[in-house]
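Read the structure below first, then the notes.
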Amino acid sequence: MDEWLNTYSLLTAAKKWRAFKCDLKTKAFKSDDPLKTWTMDELLARGYIRVDPEQWKWLVKYWLSEEGQESSKRGKQSRSKVVTPHTTGSKSFARAGHEWGNELGRDLSRHELFIKTHTRKNGDPLDKAIPKMSALAKAARTHPELLEKPIEKGDLFSHVFGREPRGYVRGVGLGPTPASLGIDGHRTCTSTRIQMARRHSQNMEEQNKLLINALDQLFKEMKELKETQKAGQGNGAADHVSTPTPECGSDPSPPMPREVANEYSDHEVCEDMTNNPIVEEMPMRGRALLQPTRRHEEGGKEVVLLSVERPRDRPVAKATLQSTNPEARVGGSLLGGEYHEVVVNSVMRGDHILPRQYGKLKTLADCLGQSIAWPHLNIVNDEKASKKSMVQRLKHGDR
């Protein structure tokens, strides 16, 4: 996936996640009586098949809390401030413009798209959009040269609506930014979430390169050792070399160093080793250690736990990943597909409420050194600890 598609996927995922949470709350409070007031017990009993019971319980408490009520109130106030509602419904402007462009046989300009998306099916414009439509018509008569200008040179739409907002361009959909289109007066800005994802991807690539280099060096040393043994046997030196016989069940090649074996059992191997001719020459014991790990065998990684409350990008603890197997049990309950098992090593926010509580373990402060379940979407790799561990392991492997 190239960089543009990766950025678009992240932006789309965030938008769909917001829409899912909105639909979830709408279904939770749905009732034939619009004046009905729901109690906590009634909402807990409704549940939802796509939400873990423990998470549903946390959601209901949040929705009914003062913080949740205040957040809902702010959202309604923001929605009421929309200046010009449109008539395309759930269809994006980019999609609507593409469909109309196919009908006309050419691309629509942004001022044409605005008029189309703010006009009813009967041809009447929306009341709130009439002033802007009049301004567009006046600007077209006064400055006809703007009709031929592209977006990056200042088209008719930008002349009437003003400077583009930071991070996106109106009327062209998700992805393009003022900087990427070369609009004057804008510098390149990338969201923090996307920067973090890219940085994580770069760090993982660096770790993979270190692993591959160490593995190549290991193959080279083992091949040279095997060639030396063969040369010694051919020169009659076999009498001076103690070689295990097949009856003893040993392997004629030396075992893989434990430090190197641990290095590759703790990390996923990104290449297919089964077709490597050097692997075919290795003893079975070493070859078994190089089998790629499955997803639920990623225990041992140092990670950072992010808050499950707002703001959700705030680190609350450091931990060691123990298991991602959905069949594993923590506190008598299955992990499931949305949780990972971790051991808490240090706590930054001791008062943070656990998403799953176990008896007297209610907050992170209660869980230091304990194994708990944490949502996998709120777990990120501890880059500093991982790099330090990587360097130490490679040093041990060189000795």
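Among the residues of this structure, residue 52 does not count as one that is over 20 Å from residue 308 (Cβ atoms) and acidic (Asp, Glu).
Within the range 126-138, restricting attention to residues that are under 11 Å from residue 86 (Cβ atoms) and surrounded by 15 or more Cβ atoms within 10 Å (Cβ to Cβ), the residue that is modelled with the lowest pLDDT is 129.
Those residues that are in a helix (DSSP H, G or I) and either closer than 23 Å to residue 336 by Cβ or in contact (Cβ under 8 Å) with a residue 24 or more places away in the chain (or both), I need them from the range 20-52; list them, please. Correct list: 20, 21, 23, 24, 25, 27, 28, 40, 43, 44, 45, 46. Scanning the range 354-378 for residues that are more than 24 Å from residue 326 (Cβ to Cβ) and touching a helix residue (DSSP H, G or I) at 6+ places or on another chain (Cβ under 8 Å) yields a single hit, 360.
Taking the criterion of being open to solvent by 60 Å² or more (accessible area, probe 1.4 Å) and acidic (Asp, Glu), would at least one residue in the range 47-57 satisfy it? Yes, the range 47-57 has at least one match. Number of residues in the range 53-90 that are part of a loop (DSSP other than H, G, I, E, B) and either over 18 Å from residue 125 (Cα atoms) or in contact (Cβ under 8 Å) with a residue 60 or more places away in the chain (or both) equals 3. Among the residues of the range 377-395, is any exposed (fewer than 14 other Cβ atoms within 10 Å of the Cβ) and modelled with pLDDT of 85 or more? The answer is yes, given that some residue of the range 377-395 is exposed (fewer than 14 other Cβ atoms within 10 Å of the Cβ) and modelled with pLDDT of 85 or more.
Here's the yes/no breakdown for (1) open to solvent by less than 60 Å² (accessible area, probe 1.4 Å); (2) out of contact with any strand residue (DSSP E or B) (no Cβ under 6 Å at 6 or more places or on another chain); (3) among the aliphatic types (A, V, I, L, M):
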position: 154; (1), (2), (3): yes, yes, no
position: 161; (1), (2), (3): yes, yes, no
position: 168; (1), (2), (3): no, yes, no
position: 179; (1), (2), (3): yes, yes, yes
position: 182; (1), (2), (3): yes, yes, no
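The residues of the range 4-19 that are open to solvent by 90 Å² or more (accessible area, probe 1.4 Å) and free of Cβ contacts under 8 Å to residues at least 24 places away in the same chain, listed by number, are 16, 17, 18. Of the residues making up the range 336-364, those that are open to solvent by 60 Å² or more (accessible area, probe 1.4 Å) and either closer than 10 Å to residue 317 by Cβ or part of a strand (DSSP E or B) (or both) number 6.
Scanning the range 80-94 for residues that are farther than 24 Å from residue 149 by Cβ, open to solvent by 50 Å² or more (accessible area, probe 1.4 Å) and modelled with pLDDT of 85 or more turns up nothing.
The values are calculated or read from the model by the stated rules, or taken from the named source; none is laboratory data. All values derive from a computational prediction rather than experimental measurement. Please note: Cβ atoms are built from the backbone with ideal geometry, for glycine as well, and neighbour counts cover all protein chains shown. Just so you know, the surface numbers come from the protein's heavy atoms only, side chains and all, with ligands and any DNA or RNA stripped out. Shrake-Rupley method; radii C 1.70, N 1.55, O 1.52, S 1.80 Å.
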